[in-house]
Amino acid sequence: MPRAPSFDKIVTKAAPHVPYFTPRQPAPAGSFRGAHEAPLLFTPLRIRNIHLANRIGVSPMCLYSAAHDGAATDYHLIHYGQYALRGPSLVIMESVAVTPAGRITPHCLGIYSDTQKAQLKRIVDFYHSQGKVIGPQLSHAGMRSSCLPLFYDECDCPVDDERGGWLEEVEGPSVSAEFPHSRALGAGRIARIVSAFKEAARASIVDCGFDFIEIHAAHGFLIHQFMSPLGNKRTDRYGGSFENRIRLLMEVLDAVREVRAETGRDFPIFVRISASDNDESNERSWRLADSVRLAPLLAAHGADLIDVSSGGMQAAHAPHISQRDMARRIKRTVERTCLVSAVGGITDGKLAEDLLQQNYCDLCLAARGFLKEPGMVERWADQLGADIQMNLQDGWCFGKVWD
Ligand SMILES: Cc1cc2nc3c(=O)[nH]c(=O)nc-3n(C[C@H](O)[C@H](O)[C@H](O)COP(=O)(O)O)c2cc1C
């Protein structure tokens with residue numbers, strides 16, 4: 001007769017960090033637990049003070065579902081919560097604005113009010129209760145702020161004040177025919193935006209408890225608008241030369257890095273870049289060679305991971321080479337000084353494993369694949385024959401014969 005488990009084993013230990021009971025997980029979902037050697041995809045990765053159970057992350061994805069005050073709701077808790085229960089070792093939360101005017105749409109998240117911080121903390125606490133890692137993608141949309149959510153199928157369609165927008169306050173590096181309502185930022189306003197990034201980083205780490213920060217310097221938003229000659233026509237110290245055009249990014253990175261020293265928290269900093277404007281024959285665009293030049297500077301200024309994406313400054317320009325190839329090129333320039341992630345069309349475990357094995361990247365990110373298949377990592381593990389941890393509540397029933 002089987003012996004009854006001891007009382008100690010019956011009383012399930014509570015997970016820390018949440019004000020309600022949920023069972024403590026023995027290990028984060030997605031951790032390798034096989035006896036043989038793990039595929040590279042399922043080997044842990046330490047980045048400063050975070051410990052990733054595997055090399056798979058959820059790429060940031062805007063939900064355009066925040067309340068009008070830029071605060072997350074239970075929708076966000078449930079949407080992000082699903083990945084906390086599954087296999088990706090980290091989630092980069094969608095673009096989170098550092099100022100009210102920096103939101104892409106009236107329904108984007110922000111991190112400048114107490115309500116916003118309290119709502120975000122609920123999501124972070126849930127992640128920590130499951131042993132998982134999450135960070136926000138801090139952003140400012142620049143000329144592209146006060147627009148319609150993309151699920152209305154209109155890119156860069158301005159939203160006026162009557163419909164909850166703020167066209168009067170939209171600012172970017174230069175005046176632009178494409179964004180006629182946008183004004184050029186003065187030096188004082190630029191300094192305030194740099195401070196807003198720093199405040200947002202501090203709030204993320206100290207008030208909300210996020211594990212890392214990603215700076216959004218891609219996809220045609222403010223920092224990328226300064227970096228690319230397509231968006232930056234300035235003649236002051238923020239325009240013209242390569243050094244001047246990357247100045248805003250470097251100032252933001254330095255400011256966010258100061259938060260490490262000031263708080264004593266050794267959190268990682270990721271930077272998402274558009275490695276190319278995908279207009280390589282145009283000298284007046286941001287090209288892959290510019291990113292190759294930028295990457296060691298990011299590493300020298302304290303970035304821990306370069307998240308390589310592309311495009312966004314102009315519509316209908318497809319990558320000339322795959323984003324994965326761009327990641328590989330950048331990785332070669334920062335080997336041993338900075339990690340690199342690849343993103344774009346990674347929906348297969350064997351492909352993800354190959355990218356790591358062939359040194360294209362250190363971390364594989366996926367976006368749309370997770371929308372269709374929140375349990376994608378479990379499928380990848382099956383593909384690679386890797387036995388991985390599932391959450392306590394879900395994993396116990398597999399391997400039983402019930403049919
Ligand atoms: C619904 C949706 C929203 C997105 N929102 C963001 C965002 O907030 N910030 C960002 O940098 N990229 C955003 N992206 C781009 C993704 O992070 C990712 O780079 C892109 O979808 C390519 O990866 P995939 O082929 O795995 O989907 C978004 C993509 C999708 C599909």
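A few notes on this one:
- Selection of the range 323-341 for residues being in contact with a Ser or Thr (Cβ under 9 Å, 6 or more places away or on another chain) and not in a helix (DSSP H, G or I) yields only SER341.
- Highlighted here are the strands (runs of 3 or more DSSP E) found entirely within the range 42-148 that include at least 3 residues which are under 15 Å from the mean Cα position of the chain (by Cα) and either farther than 30 Å from GLY172 by Cβ or free of Cβ contacts under 8 Å to residues at least 60 places away in the same chain (or both): 90-97.
- Any hit, the range 281-288, residues being open to solvent by 30 Å² or more (accessible area, probe 1.4 Å), out of contact with any His (no Cβ under 9 Å at 6 or more places or on another chain), away from the ligand (no atom under 16 Å from the Cβ) and within 20 Å of GLY344 (Cβ to Cβ): yes
- Residue within the range 182-204 that is touching a strand residue (DSSP E or B) at 6+ places or on another chain (Cβ under 8 Å), more than 26 Å from MET61 (Cα to Cα), open to solvent by 20 Å² or more (accessible area, probe 1.4 Å) and not hydrophobic (A, V, I, L, M, F, W, C) present: yes
- Members of the range 133-169 found to be at positive phi and within 13 Å of the ligand (Cβ to nearest atom), listed by number: ASP153
- Inter-residue pairs, beta-carbon under 9 Å, first farther than 23 Å from LEU298 by Cα and in contact (Cβ under 8 Å) with a residue 24 or more places away in the chain and in the range 337-357, second open to solvent by 50 Å² or more (accessible area, probe 1.4 Å) and within 13 Å of the ligand (Cβ to nearest atom), 6+ apart: THR347/ARG368; THR347/LYS372; THR347/GLU373
- Complete set of residues in the range 186-200 that are touching a Phe, Trp or Tyr at 6+ places or on another chain (Cβ under 8 Å) and over 11 Å from ALA101 (Cβ atoms): ALA187, ILE190, GLU199, ALA200
- For first residues located in the range 10-39 and closer than 15 Å to ASN54 by Cβ, partners that are part of a loop (DSSP other than H, G, I, E, B) and open to solvent by 70 Å² or more (accessible area, probe 1.4 Å) and lie 6+ apart or on another chain with Cβ distances below 9 Å form the pairs ALA27/ARG33; ALA29/ARG86; GLY30/ARG86; SER31/PRO44; PHE32/PRO44; ALA38/PRO44.
- Members of the range 147-184 that are closer than 20 Å to VAL194 by Cα and either modelled with pLDDT under 90 or among the polar types (S, T, N, Q) (or both): SER174, SER182
- Within the range 364-376, at least one residue is open to solvent by 50 Å² or more (accessible area, probe 1.4 Å), at pLDDT 95 or above, within 11 Å of the ligand (Cβ to nearest atom) and farther than 13 Å from PRO88 by Cβ.
- Some residue of the range 338-348 being open to solvent by 50 Å² or more (accessible area, probe 1.4 Å), within 25 Å of LEU222 (Cα to Cα) and either within 16 Å of the ligand (Cβ to nearest atom) or of a type outside the set (Lys, Arg) (or both): no
- Residues in the range 20-49 that are of a type outside the set (Ser, Thr, Tyr) and closer than 21 Å to GLN82 by Cβ: PHE21, PRO23, ARG24, GLN25, PRO26, ALA27, PRO28, ALA29, GLY30, LEU41, PHE42.
- Residues that are crowded, with 24+ Cβ neighbours inside 10 Å, at negative phi and β-branched (Val, Ile, Thr) do occur in the range 245-253.
- Output for the range 125-145, where each listed residue is basic (Lys, Arg) and open to solvent by less than 10 Å² (accessible area, probe 1.4 Å): LYS132
- Candidates PRO88, PRO26, PRO39, PRO16 - the one that is open to solvent by 70 Å² or more (accessible area, probe 1.4 Å), over 30 Å from ILE193 (Cβ atoms) and out of contact with any Pro (no Cβ under 7 Å at 6 or more places or on another chain): PRO26
- Selection count where residues are touching a Lys or Arg at 6+ places or on another chain (Cβ under 8 Å) and of a type outside the set (Gly, Ala, Ser), scope the range 359-375: 8
- Within the range 252-290, the set of residues being basic (Lys, Arg) and either within 18 Å of ARG48 (Cβ to Cβ) or touching a strand residue (DSSP E or B) at 6+ places or on another chain (Cβ under 9 Å) (or both) comprises ARG257, ARG260, ARG265, ARG272.
- The number of residues in the range 377-394 that are within 16 Å of the ligand (Cβ to nearest atom) and open to solvent by 20 Å² or more (accessible area, probe 1.4 Å) comes to 1.
- Checklist (1) within 15 Å of the ligand (Cβ to nearest atom); (2) open to solvent by 10 Å² or more (accessible area, probe 1.4 Å) applied to ARG122, failing item: (1)
The values are calculated or read from the model by the stated rules, or taken from the named source; none is laboratory data. This is a predicted model, so every value here is computed, not measured. In this analysis, Cβ positions are derived from the backbone assuming ideal geometry, glycine residues included, and neighbour counts consider all displayed protein chains. Note: accessible area is taken over every heavy atom of the protein model, side chains too, but ligands, DNA and RNA are not part of it. Shrake-Rupley method; radii C 1.70, N 1.55, O 1.52, S 1.80 Å.
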